[in-house]
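A quick write-up on the structure given underneath.
The values are calculated or read from the model by the stated rules, or taken from the named source; none is laboratory data. Nothing here was measured: the structure is a model prediction, and the numbers come from that model. Cβ placement follows ideal geometry from the backbone for every residue including glycine, while neighbour counts extend to all protein chains displayed. The protein model used for the area step is the full one, side chains on, heavy atoms only, and it has no ligands, DNA or RNA in it. Shrake-Rupley method; radii C 1.70, N 1.55, O 1.52, S 1.80 Å.
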Amino acid sequence: MGITVQYSFANQRGAVSGTFGGAVIDLRLLATSDLHANLLAWDYHTSRPCPQRGLARIATLIHKARFERPQSLLFDNGDFLHGTVLGDFVAETTPLLRSGRPLHAHPMIAAMNALDYDAVALGNHEFGHGLGFLRRSLAATRFPIVCSNLYFKPTRGAPLAAPYLLLQRDLRDRHGKLHRVKIGVLGFIPPQTTVWEKRYLKSRASVDDITASARHLVPELRARRRSDHRAVTFRHRRGASRAGGRECQLGFGRD
């Protein structure tokens, strides 16, 4: 039986919907991006409150959006560990246990665990304090990590993340009938990441072209499909905007 998944983005553009025929399932996609270790509504450079930023403030919007649409998925598009004094402080001062694990979880990871993210994609800035720190930080996650175009060279380290994810969710249609829906997740970092972070990646890993990687991985997702399947794609892109920030793209549709 065909399934229609209607989806909406929690942003200023309002709801976006798509129809694929058959039963109708309402599903809301929520996404954060470029949090850059802005945990609280605080400007660490000026030591003043900043109501326009902070995951703590976004959490209120996430809770509201989930209350409006209980059937929802929450993603992050990368660049969440570094970018404020808080991020640098954690990277430089967190003590390690004898096992090599950090004494406590990275505050951003702990907050994202509490918000129950469904999946998180890596961004280029995640590598800014080295692979060791990144691996230790990700070890505390309670959500899956995806990075679809980062490949470590043989003998130079285990993968940091899965090349793709296949989430399975039991969702109800508008008549209350339950359906098992498979949702593929891809996440891409800029190919220039090996240049920007060459200190840590140059001799260890490669970052392939985004389009070529997608063409290679999508057939694998199709091969694993045994029921109706949708795909969510995250592309972390570094680029100018009127706010001087970063730009991300999120897509949703049939694979």
Original post:
Is one or more of the residues making up region 115-125 surrounded by 13 or more Cβ atoms within 10 Å (Cβ to Cβ), over 19 Å from Ile189 (Cα atoms) and more than 15 Å from the chain's Cα centre (by Cα)?
Top reply: no
Original post:
Among the residues of region 172-197, which ones are farther than 19 Å from Ser148 by Cα and either open to solvent by 10 Å² or more (accessible area, probe 1.4 Å) or touching a helix residue (DSSP H, G or I) at 6+ places or on another chain (Cβ under 9 Å) (or both)?
Top reply: Arg172, Asp173, Arg174, His175, Gly176, Lys177, Leu178, His179, Arg180
Subject >> Flag for Val85 being hydrophobic (A, V, I, L, M, F, W, C), over 18 Å from the mean Cα position of the chain (by Cα), surrounded by fewer than 18 Cβ atoms within 10 Å (Cβ to Cβ) and closer than 30 Å to Val207 by Cα >> reply: yes
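Here is a yes/no grid of residues against (1) outside any helix (DSSP H, G or I); (2) β-branched (Val, Ile, Thr); (3) over 17 Å from Ala31 (Cβ atoms):
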position: Leu86; (1), (2), (3): no, no, yes
position: Glu92; (1), (2), (3): no, no, yes
position: Ile109; (1), (2), (3): no, yes, yes
position: Phe143; (1), (2), (3): yes, no, no
position: Leu160; (1), (2), (3): yes, no, yes
position: Gln168; (1), (2), (3): yes, no, yes
position: Arg172; (1), (2), (3): yes, no, yes
position: Ile183; (1), (2), (3): yes, yes, no
Subject >> Hey, Glu220 buried (at least 19 other Cβ atoms within 10 Å of the Cβ), of a type in the set (Asp, Glu) and under 22 Å from Leu122 (Cβ atoms) or not >> reply: no
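Hey, among the residues in region 145-158 that are part of a loop (DSSP other than H, G, I, E, B) and in contact (Cβ under 8 Å) with a residue 24 or more places away in the chain, which one's nearest to the chain's Cα centre (by Cα)? Let's see the steps before the verdict.
The initial filter retains those residues of region 145-158 that are part of a loop (DSSP other than H, G, I, E, B), namely 147-149, 153-158.
Restricting the remaining residues to those that are in contact (Cβ under 8 Å) with a residue 24 or more places away in the chain gives 147-149, 153, 156-157.
Working: Cys147: 9, Ser148: 12, Asn149: 14, Lys153: 24, Arg156: 24, Gly157: 22 Å.
If we take residues in region 145-158 being part of a loop (DSSP other than H, G, I, E, B) and in contact (Cβ under 8 Å) with a residue 24 or more places away in the chain, then Cys147 is nearest to the chain's Cα centre (by Cα).
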